[in-house]
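A short worksheet on the structure shown next.
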Amino acid sequence: AMAMRITPSILNADLSNLSGEISRIPSADGVHLDVMDNHFVPNMTFGLPVVECIRKNTDAFLDIHLMIAQADRWAPAFAEAGAESVTFHVEAADAPIRLAREIRARGARASMALKPATPIEPYADMMPELDMVLLMTVEPGFGGQKFLDLVLPKIERTRELVKKTGQEIWIQVDGGVSLETIERCAAAGADTFVAGSAVYSAADPDKMVNDLRGKAVA
Ligand code: DX5
Ligand code: ZN
């Protein structure tokens with residue numbers, strides 16, 4: 001069986017107590033941090049200084065999801081801050097190949113995100129530059145939205161492209177992932193799962209992480 005990773009998003013957690021919220025999910029494979037700028041998405045969260053403080057307070061795998069304009073200008077700094085993985089949106093990157101290389105050169109995994117309506121095919125040839133592809137399963141900007149089934153065929157096509165590279169490139173899904181939808185994502189070829197409201201609205205978030213992992217089989 002494929003190794004499945006659960007990386008909860010703290011977007012809908014208590015943002016005034018980030019270290020405390022991260023310590024509630026010891027079974028997780030990382031913590032997904034949603035950076036929003038009110039330009040790329042109509043919402044605003046936190047930026048580099050907050051991520052630098054989180055880095056000082058936890059050994060957790062930091063999975064940064066940048067939902068910001070001018071990704072080229074900002075993404076390398078998050079790698080420099082010590083994040084293990086930095087995801088930029090291809091819709092916000094001027095030079096995605098150069099940017100992926102800059103992230104890797106700073107010691108982080110390079111990852112590229114696609115909004116639900118953005119096709120993967122134009123980026124097939126740059127897959128070897130990436131350590132992960134993030135496929136949004138809601139329009140980015142907010143937690144608690146309904147999972148978009150229409151992304152499932154793109155997950156399948158991305159899995160085929162990853163196979164062709166012969167490399168171990170993770171496929172992450174983000175948005176509306178829950179006990180109801182995670183099986184479909186895994187069956188389509190995802191191996192890394194962001195869940196925000198499903199984890200942090202649960203009575204026992206760490207148990208939910210394990211329950212989600214139990215359902216993510218392919
Ligand atoms: C949405 C963010 C997601 C969000 C997921 O734009 O990128 O990471 O927190 O939240 P849920 O799991 O509630 O859809
Ligand atoms: Zn996210």
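Listed values, structure above:
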{"item": "Label-point gap, in nm, between Gln70 and Thr118 - each point 7 angstrom along Cα→Cβ", "result": "1.8"}
{"item": "Cα-based shape type of the chain, given that a ≥ b ≥ c are square roots of the gyration tensor eigenvalues and the cut on a/c is 1.5", "result": "rounded"}
{"item": "Set of aspartates and glutamates near Lys215 by C-alpha distance (under 15 Å), chain-local residues within fewer than 8 positions excluded", "result": "Glu180, Glu183, Asp191, Asp206"}
{"item": "Residues listed by number, segment 175-218, amide nitrogen under 12 Å from Leu148 label point at 7 Å toward C-beta", "result": "175-176"}
{"item": "Amide proton proximity set for Leu134, modelled H, under 5 Å, gap of 5+", "result": "Met112, Ala113, Leu114, Gln172"}
{"item": "For Leu48, Leu66, Leu152, order by how many other beta-carbon atoms lie within 10 Å, fewest first", "result": "Leu48, Leu152, Leu66"}
{"item": "Cα lying deepest toward the dipole's positive end in segment 5-215, options Val194, Leu130, Ala93, charges on Cβ", "result": "Leu130"}
{"item": "Relative exposure of Val90, Val209, Val194, judged by other C-beta atoms within 10 Å (fewest first)", "result": "Val90, Val209, Val194"}
{"item": "Prolate/oblate/rounded call for segment 1-68, Cα gyration tensor, a/c under 1.5 rounded", "result": "oblate"}
{"item": "Ranked list, fewest to most other Cβ atoms within 10 Å of each Cβ, for Ile120, Ile97, Ile6", "result": "Ile97, Ile120, Ile6"}
{"item": "Distance (nanometres) between label positions extended 7 Å along Cα→Cβ at His39 and Glu139", "result": "2.0"}
{"item": "Simple Cβ-charge dipole of the chain, Lys/Arg +1 and Asp/Glu -1, about Cα centre, in debye nearest 20", "result": "240"}
{"item": "In nm, spacing of pseudo-spin labels at Ala203 and Val50 (7 Å Cα→C-beta vector)", "result": "3.0"}
{"item": "Antiparallel bridge percentage (DSSP; both residues within segment 5-215; nearest 5)", "result": "5"}
{"item": "Backbone HN-Hα couplings from phi across segment 112-124 [Karplus 6.51/-1.76/1.60, Hz, Gly and Pro as x]", "result": "10, 9, 10, 5, x, 8, 8, x, 7, 4, x, 9, 3"}
{"item": "Neighbourhood net charge (15 Å Cβ-Cβ; Lys/Arg +1, Asp/Glu -1) for Tyr123", "result": "0"}
{"item": "Relative contact order for segment 5-215, counting Cα pairs under 8 Å that sit 6 or more residues apart, in percent", "result": "21"}
{"item": "Relative contact order (%) - segment 131-218, alpha-carbon pairs under 8 angstrom, separation at least six", "result": "31"}
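Coordinate-derived values only; no laboratory data. These numbers were taken from a predicted model, which means no experiment stands behind them. Glycine gets a Cβ as well: all are built from the backbone with ideal geometry, and neighbour counts include every protein chain shown.
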